[in-house]
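The values are calculated or read from the model by the stated rules, or taken from the named source; none is laboratory data. Because the structure is predicted, anything quoted here is derived from the model rather than measured. All Cβ positions, even for glycine, are placed from backbone atoms using ideal geometry, and neighbour counts span all protein chains on display. For accessibility, only protein heavy atoms count, side chains too; no ligands or nucleic acids. Shrake-Rupley method; radii C 1.70, N 1.55, O 1.52, S 1.80 Å.
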Amino acid sequence: MTGLRPIAELMFSDFFAVTWDMVANQIAKTRYMTDGQVSLPLVIRTANGAGLRFGAQHSQSVENWAMMIPGLKVVAPSTPRDVIGLLAAAVRDPDPVIFFEHKSLYPSKGEVPDGEIVDRLGTAKIVHPGKDATVLALALMVPRALEAAERLKAEHRIDCEVIDVRSLVPLDTQTILGSVGRTHRLFTVEENPRLCGWGAEIVSIVADEGFYDLDGPPVRITTPHIPLPAADILEDIALPTVDRIVDRVRQSMQG
């Protein structure tokens, strides 16, 4: 509004429930309600997701909350390089961007090239090429999907193409549909609760625009529709694991 490009920080993404009127009804709507005369180039960073035993009120994956609000852009990186590149792109964007940082990925390390890194919102990334099935994942689920893909190829000769979705709004449908067109099978690996997760929207798009490319029904591997438990064993059971991804893909491909 005033020419600045602020970056706000919300300690836990669960707290969007407290700020939702401001975010969904004011921030997201300002440019549209002023016919573009007033823009809000605001980035809201927030810690998202489970795995650290913080319990039901501090462990949710709420990216699907944000992606359903017109006027918000939604990204969720999975690597240190993407954190830098996507954050740089978000700061430069004229619209409000919700930047989901997965809490369990904070300790992760990765190669980051020298110099300025500016990525582009709305671009997915093929992180593991394959020919038998397309596996879509986001944030913490990306390294799990990659490990599952390695096991599926080594143990079951199933060659999975893993795509890091990275950006939910805008969504890179071209990369997703292109992959499904080559592999003819689709799996989503989602940490969000099953009901109304981001994968349901992508499955809907693929069914609408790529139905005849599919050789089998799309499969969603998700967290159950339950509040996340704080007990470590129970939380681990609830989240999609490498074993569950391997088993579900194997059963669907060989069944």
Report task. State the extension gain, in nm to one decimal, for the chain segment bounded by LEU214 and LEU195, taking 0.36 nm per residue of separation less the distance between their alpha-carbons. Result -> 4.6 nm
Query - the chain - Rg (one decimal) and Dmax (whole number), Cα, Å - result: 18.2, 59
Query - VAL62 long-range amide H proximity, modeled H, under 5 Å - result: GLY49
Query raised in the report: For the chain, what is the calculated [θ] at 222 nm in deg cm²/dmol (nearest 500), taking -39500 (n - 2.57) for each run of four or more DSSP H residues and dividing by its residue count?
Result: -9500 deg cm²/dmol
Query raised in the report: Relative to the first principal axis of the alpha-carbon coordinates of the chain, what is the inclination of helix 198-209, with its axis defined by its Cα atoms, in degrees from 0 to 90 and to the nearest 10?
Result: 70 degrees
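Can you tell me the dipole magnitude for the chain around its Cα centre, using point charges on the Cβ only (Lys, Arg +1; Asp, Glu -1), in Debye to the nearest 20? Please report the intermediate quantities before stating the final value.
Working: 25 positive and 33 negative charges, 3 e Å.
Around 20 debye, computed over the chain.
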Report summary line: Carbon and sulfur atoms account, in whole percent of the 1.4 Å probe accessible area of the chain, for 56 percent
Query raised in the report: Under Stokes-Einstein, with the Kirkwood radius over Cα pairs standing in for Rh, what whole-number D in µm²/s applies to region 43-186 at 10 °C and 1.306 mPa s?
Result: 100 µm²/s
Query - Cα-centre dipole for region 25-137 with unit charges at Cβ (Lys and Arg positive, Asp and Glu negative), debye to 20 - result: 240 debye
Query raised in the report: With θ set to phi - 60° and the Karplus curve 6.51 cos²θ - 1.76 cosθ + 1.60, what are the ³J(HN,Hα) couplings of region 210-218 in order, to the nearest whole Hz, using x for Gly and Pro?
Result: x, 4, 7, 7, 7, 9, x, x, x
Query raised in the report: Ranked from highest to lowest mean number of other Cβ atoms within 10 Å per residue, what is the order of the peptides 235-246, 30-41, 78-89, 160-171?
Result: 160-171, 78-89, 235-246, 30-41
Query raised in the report: Given Cα pairs under 8 Å that are at least 6 residues apart, what percent is the relative contact order of the chain?
Result: 18 percent
Report task. Please label the shape of region 106-255 as rounded, prolate or oblate, based on the square roots a ≥ b ≥ c of the eigenvalues of the alpha-carbon gyration tensor (a/c under 1.5 means rounded; beyond that, a/b larger than b/c means prolate, else oblate). Result -> rounded
Report summary line: Stokes-Einstein D for region 147-235 (37 °C, 0.692 mPa s, Kirkwood Rh from Cα pairs), in µm²/s, comes to 227 µm²/s
Report summary line: In whole µm²/s, the translational diffusion coefficient that Stokes-Einstein assigns to region 55-111, given a Kirkwood hydrodynamic radius over C-alpha pairs, 20 °C and 1.002 mPa s, equals 171 µm²/s
Query raised in the report: What residues qualify as long-range amide H neighbours of THR188, i.e. H under 5 Å apart, gap of 5 or more or another chain, H built at 1.01 Å from N?
Result: LEU136, VAL219, ARG220, ILE221
Query raised in the report: Rounded to the nearest 5, what % of the DSSP beta bridges within the chain are antiparallel ones?
Result: 15 percent
Query - Amide N proximity, region 125-143 versus THR241 label position 7 Å along Cα-to-Cβ, cut-off under 18 Å - result: 140-143
Report task. Please quote Rg/Rh for region 197-255 to two decimal places, taking the Kirkwood radius as Rh and restricting both calculations to Cα atoms. Result -> 1.06
Query raised in the report: Where in region 112-134 does the amide nitrogen come within less than 16 Å of the point 7 Å from the Cα of ARG157, taken along Cα to Cβ?
Result: 131-133
